Structure formats: C-alpha cells, structure tokens
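Trainee: For reference, the structure I am asking about is given below.
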Amino acid sequence: MSKKQEQVLCIDRETLPASWVTQRTVLPMNFSTFAATCAQANFSFVRRVIAEEDRQKKQIIPYILLQTADGGRTASYNRQGSEKRLHDLWSIGIGGHINPGDKTMEADSFENILTNGMQRELDEELIRRVSSDPIEFIGIISEDITPVGSVHLGAVFLIRTQQPEGYLPGDELHSFTWHATQTLSQLNLELWSELALELVNSLNPAL
C-alpha cells in the first residue's frame, strides 16, 4: 500500500490530557491507564497523507526499545527508512504506524489494536528475536518541536534481554549496534530517542 493510501490510527489532540501533548513530554505510565485514556478519546483511522499535515491530530506510534537485561547496552540504528525527515539520525526505537489491519475484529479494543501493531512492527523490522523476552510498556513521549513530532505520540515499550545475540535486524535497521547506554548521548540521536532515553533512565536512575 502506498503512503497516500495508507490509513493510520489517530486521536484528536484536544481530547487527550494536556499533560500528554506539551512542547516536550516524557511521562512514565502504566499500560491500562494509557489504553483506557486513548479509548475514551475516540481514536480513528485517517489517511496518512492527511494526518501528516494535521497538527490537531496525534498519530499513535508504538516505539520499542531493546536493552540488555542490566540496562548497560541499548540497540540503536541509523535512520534510512521512508521518513526522509529523520535520515542520518540515530534511533533507539523500533516502531511505526498502527493500521486498520491491526484490528482483528470490528469491536477490537484500543489495547488489542496497539499490541497487535507493536508485535507486527517487531516482526517486520527484526528477522529474528527472542520470543520469550517480556515486553513492558513504560510510558509516553511527545514533542511539538519538530514537524515529525508535532503530529505523533509515542507509546514506549521496553524489551530487556539476556540474549542480545538473539536479535537479528532487518534491512531497514541500518548499522544496527548494541551501544553502551551511557554513551548514547554522543550519537546524533533523533529527538524521540532522546526523550525515550530520558524515560527509561527515569525508571533506572543508577544507569
């Protein structure tokens, strides 16, 4: 499906809590609170070409971080995908848009749709992963500083693994590397990765 035809899950900005859509948002949160709030805000699927230009809508994006179990290393890659505005920046988040195909039945809940989309993104971006590793929702990120960020809201998930060698990247994850978490700030990170790193570090301040 072309980008012009693609439909993506969106929520009207004005129906979301004001604390979620500040200039620079980093909010730890549990999944049930996030899902219930989004469901109440009445999400819908909108043509992506329209949503990308509508600052009154926030496209919900699962953004998945991979770390070693001790948090000492974090997977990162160089952006070279379809979003040209992010090219040559480094990212620590795997993710993408939620589409109508992630809804397995007409009455599917927001929680199920988001989970389905998150799992699909992992399957699309990774040739191999450790299926037994738990996936934890840790909070949300959002920013109105960049053109890309102003129309997206990140639902941040964290995978902690004892087997980093069990993750094999697909072609879209260029220069995939397990960097020392403490040195990630030396990379030219996309802003969302900076926010996500702040979020995960707030849960593990010793790292």
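The values are calculated or read from the model by the stated rules, or taken from the named source; none is laboratory data. None of these values were measured; they are calculated from a predicted model. Note that we place each Cβ from the backbone using ideal geometry, even for glycine, and neighbour counts take in every protein chain shown. These accessible areas exclude ligands, DNA and RNA; they are computed on the full protein's heavy atoms, side chains included. Shrake-Rupley method; radii C 1.70, N 1.55, O 1.52, S 1.80 Å.
Trainee: To the nearest 0.05, how large is the calculated FRET efficiency for Met105 and Ala39 if R₀ is 22 Å and r is the Cβ-Cβ distance?
Mentor: Calculated transfer efficiency: 0.90.
Trainee: Specify, per residue and in Å³, the volume enclosed by the convex hull of the alpha carbon atoms belonging to the chain.
Mentor: 117
Trainee: About the Cα centre of the chain, how large is the charge dipole given +1 on each Lys and Arg Cβ and -1 on each Asp and Glu Cβ? Please answer in debye to the nearest 20.
Mentor: Result for the chain is approximately 220 debye, rounded to the nearest 20.
Trainee: What spacing in nm lies between the two simple spin-label points modelled at Gln163 and Ser32, each 7 Å away from Cα in the Cβ direction?
Mentor: The two pseudo-label positions are separated by 3.1 nm.
Trainee: Lys/Arg Cβ at +1, Asp/Glu Cβ at -1, dipole of the stretch 32-78 taken about the Cα centre: which of Thr33, Ala69, Ser44 is farthest positive-ward?
Mentor: Ser44
Trainee: How large is the accessible surface per residue of the stretch 70-207, computed with a 1.4 Å probe and reported in Å² as a whole number?
Mentor: Using a 1.4 Å probe on heavy atoms only, each residue of the stretch 70-207 averages 46 Å².
Trainee: While we're on this one: Leaving out ligands, DNA and RNA, what percent of the accessible area of the chain is carbon and sulfur, probe 1.4 Å?
Mentor: With neighbouring chains kept in place, the figure for the chain is 49 percent.
Trainee: Let me ask something else. Longest segment of the chain with no GluC sites (Glu not before Pro) in a DSSP loop having at most 11 other Cβ atoms within 10 Å?
Mentor: 107-207
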